[in-house]
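Everything below concerns the one structure shown next.
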Amino acid sequence: MAFRLFVPILAGATLRERLIACIGATIGIALTGAIGGLVLGNGPHVPLLVAPMGASAVLLFAVPASPLAQPWSIIGGNTISALVGVIVAHFIHEPALATGIAVALAIAAMSFARCLHPPGGAAALTAVFGGPAVTAAGFLFPFVPVALNSIVLVALGYGFHRLSRRSYPHVPAPAPKSAHGTIDPPPQERVGFRPEDIDAALGALHETFDIDRNDLERLLRQVELQAMVRTHRTLLCEDIMSRDVVSVHEDDTADQARQQLLDHNIRTLPVVNAEARLVGAVGLRELTKATDTVKDVMSKAGTASPDTPAMSLLPVLTDGRSHAAVIVDGERHILGLITQTDLLAAAARVQTTDKALAVAVG
C-alpha cells in the first residue's frame, strides 16, 4: 500500500486541508486570546482564554462542515455547558460527583438546545474546578470569558474561511425538488434509494454519525453516480455527441435565435462570442424575456470535454432545466453537443449490449 499521510483520517481530508486548518487555528486562537486581553485586561481575576477553545478550534478549522462546528454549536454549547457547570458547582461540593453530573447535564442541555459541541464538556469541567479565577468570576464565568471567547473565535473562523474560499457556516444542500413546480420528485430521485431508506438504515445501525442527514443523502447520490460512471467509463462524450452544432452569436437578436430553434427543431442554442468561444446558452424559456440581443438573456451552459465519461452528464441533463451539454476544448471552442435524447439513446444501447453479452456468456 502506498504511503499516505494522516492515516486514519476523516473522509475527504487532504494534506492541503489540514495545513489550512493549522494556519486557521494559529490565527484564531492567538487573536482570540489577544482580544480577550484587550477586553478583560491582564489581571489574574479571570482567564483571558479558556482551555475548551482549543478543542473548539479543532472543529472550527479542521472540520467546518461538521454539525458540531457550526456557530450556534460553538457559542451555545460552550456557554450553556459552562453555565451548567457553575450551577452544579454551586450546589454540589464533592468534586468527583460534581464533575460527572456537570458533564452529564451539559450533554442533556446542549442536546435540548440543539447545540451539541464536544468542548462543551470541557467547559463544564472547567467551571467546576477551574481554580480561584473561575470561582471568583462566579456566574459571570459562562459569559465572560466563555461566551466572549466563543463569539470571537467564531467571528475569526468565519472571516478566515471566507478568505480561504471555504464555506462556513456550512449549509447542507436542500433536498432536490421538481423544477416544474409539481409534487413529483426530481428524475434523479425516482430510481435507486429513497430518503426513507436512509432513515431506515440509520435506525438499523443504532449509531450517531457526525454528518448532516441531507449531506449524507447528497454523498450517497454522488456515490451512485460515480459507480455508474466507472461502470460505463469507456463510453465517452466524443462517442455520442453531435458534431454539426447550430449556435447563435451573442449579438444576434432574440428573433434570430428563436427562428434558429424553430428551423432546426431544437431546444437549446449555444451562444458564442466574436472569437467563436462559448459564452452561454439560450432556449425558448430565456428568449421569452428577451427585448434586444441574446447576450442579455443567455444562461450558463453546461459543458464537458470530449474525453469525459458520458454518464457523468446525468446530473446536468436531469436537473429539469438543462436540455443539452456543450462539448468544448480547452479554449471553449465548440466541438459538439449532447442532448438528453443522445444520452438516453446511448444508455439504452449500453443496457441492450450488456444484456446480450450476459446471454452470450451464459
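Read the figures in this text as sums done on the coordinates, not as results from a lab. As the structure is a computational prediction, the values presented were derived from the model and not from experiment. No Cβ is skipped: glycine too gets one built from the backbone with ideal geometry, and neighbour counts run over all protein chains shown.
Annotations for the structure displayed:
- Most fluctuating residue given options H93, H117, H232, as computed from a GNM of the chain linking Cα atoms under 10 Å: H93
- Secondary structure note: in the chain, about 80% of the DSSP beta bridges are antiparallel.
- Largest GNM mean-square fluctuation across G336, G302, G12, computed for the chain with C-alpha springs under 10 Å, falls on G12.
- Angle of helix 148-163 to the longest C-alpha principal axis of the chain, folded into 0 to 90 degrees and rounded to 10: 20°.
- The sum of -39500 (n - 2.57) across all DSSP H runs of n ≥ 4, divided by the residue count of the chain, sets its helix-only mean residue ellipticity at 222 nm to -16000 deg cm²/dmol.
- Among (i) 1.13; (ii) 0.97; (iii) 1.00, the entry that matches Rg/Rh (Cα atoms, Kirkwood Rh) as calculated here: (i)
- Packing order of peptides 290-301, 120-131, 73-84, highest average first: 73-84, 120-131, 290-301 (average count of other Cβ atoms within 10 Å over each peptide's residues).
- Value of relative contact order over the chain, rounded to a whole percent, pairs C-alpha under 8 Å and six or more apart: 13
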